[in-house]
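Note sheet for the following structure.
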Amino acid sequence: MNTIDIAKAYIKAVQTNDQATLGGIISPDVIWHQPGKNRFSGTHRGMAVVGPMLGAMMEVSKGTFAITRADHYMANGDWVAITIEFAGEANGLKMRQAGVDLIRIEDGKIVEVKLFSSDQAQEDAFWGQ
């Protein structure tokens, strides 16, 4: 699989909660950059940390947080940029906004993820402190 195929498999697995596929394509040593100033923000290293963080995001949103659309996949070497839309409900707030997922792939595994939100203040309020 090339980097675009891996990125598409990643998005589909996230959208369908396919943990087996995610476990197969995300490196155990992944570096995850979560934007903003909220309880989940910061750089997280390794699936032992990232997995529970993602689980907590689903808990806070009562399972509503989702990538609702992924439109364009653009590769540049080991990096793939994906334009997305994400949405959910948490803390009495509804959120729907555009974003970009930037993933770095080495040897068929996602080794780094950088996320960008079009309205970071809204996302920070959504996740809370």
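I'd like to know if the range 89-99 contains one or more residues that are modelled with pLDDT of 95 or more, basic (K, R) and over 13 Å from the mean Cα position of the chain (by Cα).
There is at least one residue in the range 89-99 that is modelled with pLDDT of 95 or more, basic (K, R) and over 13 Å from the mean Cα position of the chain (by Cα).
Could you tell me which of the residues D107, D71 is charged (D, E, K, R) and out of contact with any strand residue (DSSP E or B) (no Cβ under 6 Å at 6 or more places or on another chain)?
When all the criteria are applied, what remains is D107.
Just for the range 33-49: of the residues that are farther than 14 Å from V111 by Cα and assigned to a strand (DSSP E or B), which one is least open to solvent (accessible area, probe 1.4 Å)?
Among residues in the range 33-49 that are farther than 14 Å from V111 by Cα and assigned to a strand (DSSP E or B), the one least open to solvent (accessible area, probe 1.4 Å) is Q34.
List the pairs whose first member sits in the range 41-56 and is more than 16 Å from F116 (Cα to Cα), whose second member is at pLDDT 95 or above and open to solvent by 30 Å² or more (accessible area, probe 1.4 Å), and whose Cβ atoms are under 7 Å apart, counting only residues at least 6 apart or on separate chains?
R45/I31; G46/P28; G46/D29; M47/P28; V50/H44; M53/H44
So for the range 89-104 (the condition being within 16 Å of I4 (Cα to Cα) and open to solvent by less than 30 Å² (accessible area, probe 1.4 Å)), does at least one residue qualify?
Scanning the range 89-104 turns up at least one residue that is within 16 Å of I4 (Cα to Cα) and open to solvent by less than 30 Å² (accessible area, probe 1.4 Å).
Rundown of residues vs (1) aliphatic (A, V, I, L, M); (2) more than 19 Å from W32 (Cα to Cα), yes/no style:
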position	(1), (2)
A87	yes, yes
V100	yes, no
R104	no, no
Q120	no, no
A125	yes, yes
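Enumerate the pairs (first residue in the range 86-105 and farther than 17 Å from D119 by Cα; second residue anywhere and part of a strand (DSSP E or B) and open to solvent by less than 10 Å² (accessible area, probe 1.4 Å)) with beta-carbon separation below 7 Å, excluding pairs fewer than 6 apart on the same chain, so at least 6 apart or on different chains.
Listed pairs, sorted by first residue: I103/V80; I103/I110; I103/V113; I105/V80.
Just one of (1) free of Cβ contacts under 8 Å to residues at least 60 places away in the same chain; (2) open to solvent by 30 Å² or more (accessible area, probe 1.4 Å); (3) within 26 Å of Q122 (Cα to Cα); (4) not aromatic (F, W, Y) trips up I67, so point out which.
Condition (2) is where I67 drops out.
Of the residues that make up the range 17-32, is at least one closer than 16 Å to D101 by Cβ, part of a loop (DSSP other than H, G, I, E, B), modelled with pLDDT of 95 or more and of a type outside the set (D, E, K, R)?
For the range 17-32, residues closer than 16 Å to D101 by Cβ, part of a loop (DSSP other than H, G, I, E, B), modelled with pLDDT of 95 or more and of a type outside the set (D, E, K, R): absent.
The values are calculated or read from the model by the stated rules, or taken from the named source; none is laboratory data. Keep in mind that this is a model prediction, so the values were computed, not measured. Virtual Cβ from ideal backbone geometry, glycine too; neighbours counted across all protein chains shown. Just so you know, the surface numbers come from the protein's heavy atoms only, side chains and all, with ligands and any DNA or RNA stripped out. Shrake-Rupley method; radii C 1.70, N 1.55, O 1.52, S 1.80 Å.
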